[in-house]
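Data block below; observations after.
A short reminder: the numbers here are calculations on the coordinates, not readings from a lab. Predicted model only: the values in this text are computed from it and were never measured. With ideal geometry, Cβ positions are generated from the backbone for all residues, glycine too; neighbour counts draw on all protein chains shown.
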Amino acid sequence: MASYLVRGLAGISVALAASASFAQDVSTNRVAAITDWSVFVDSNPTRCWSVSAPKESANTKDGRVVAVRRGDILLLVAYIPSKDAKGQVMFTGGYKFSPNTQVTLQIADQTFSMFTVLEDDPATSSNEDEFAWSPTDADDTKLLIAMKRGAAVVVTGLSSRGTTTKDTFSLLGFTAANAEAESRCEG
């Protein structure tokens, strides 16, 4: 479990920057917009990422549709050379996840799982419980391949308040945006 946390910590700074940057209509560090995906770069330290917001969101509790307030909802892929992060897939649902749960990603007939932070883990910061990550680099690789081949990804999570969320992201432009982010952080 400690290795999961290390993977999460490597990407949390990019996820927080992405969340703040993507929320702005005009950002000084956005370098490309390709269909439904954007590419961002920070230079100190060098971090590059492709990111998208959902096209649809559904929130249910006890089988009923409910209205909830959520922060930024983003699916992103990060490249951080100083952390040896090459294509780390992350999701933030705009809420605190229920501890010890997994977030699922459905692309066509393939299902992938991401982990969330563990309950009462003193090593986590206040924002980390809003993010989910793939468990390993190999999982990231499989997920990236599916994202390049797919048309959409449905991300399902469970909030700390018991709300199930389903966010549908378009994958139009993903392959080009991800290649752009990766190429900007090579080296």
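Look through Thr116, Thr92, Thr101 and report the one residue that is free of Cβ contacts under 8 Å to residues at least 60 places away in the same chain and touching a Leu at 6+ places or on another chain (Cβ under 7 Å).
Thr101
What number of residues within the range 129-150 are buried (at least 16 other Cβ atoms within 10 Å of the Cβ), of a type in the set (D, E, K, R) and within 25 Å of Val31 (Cβ to Cβ)? Outline the logic, then answer.
Here is the first cut: in the range 129-150, the residues buried (at least 16 other Cβ atoms within 10 Å of the Cβ) are 129-135, 139-140, 143-144, 146-147, 150.
Keeping just the survivors that are of a type in the set (D, E, K, R) gives 129-130, 139-140.
Keeping just the survivors that are within 25 Å of Val31 (Cβ to Cβ) gives 140.
Number satisfying all stated conditions: 1.
Considering only residues that are crowded, with 21+ Cβ neighbours inside 10 Å and not aromatic (Phe, Trp, Tyr), look in the range 151-170 and name the one that is farthest from Thr116 (Cα to Cα). It would help to see each step written out before you state the result.
At the first step, the residues of the range 151-170 found to be crowded, with 21+ Cβ neighbours inside 10 Å are 153, 155, 157, 165, 167, 169.
With not aromatic (Phe, Trp, Tyr) added as a condition, the list becomes 153, 155, 157, 165, 167.
Working: Val153: 18, Val155: 13, Gly157: 10, Thr165: 15, Asp167: 17 Å.
Within the range 151-170, the match that is farthest from Thr116 (Cα to Cα) is Val153.
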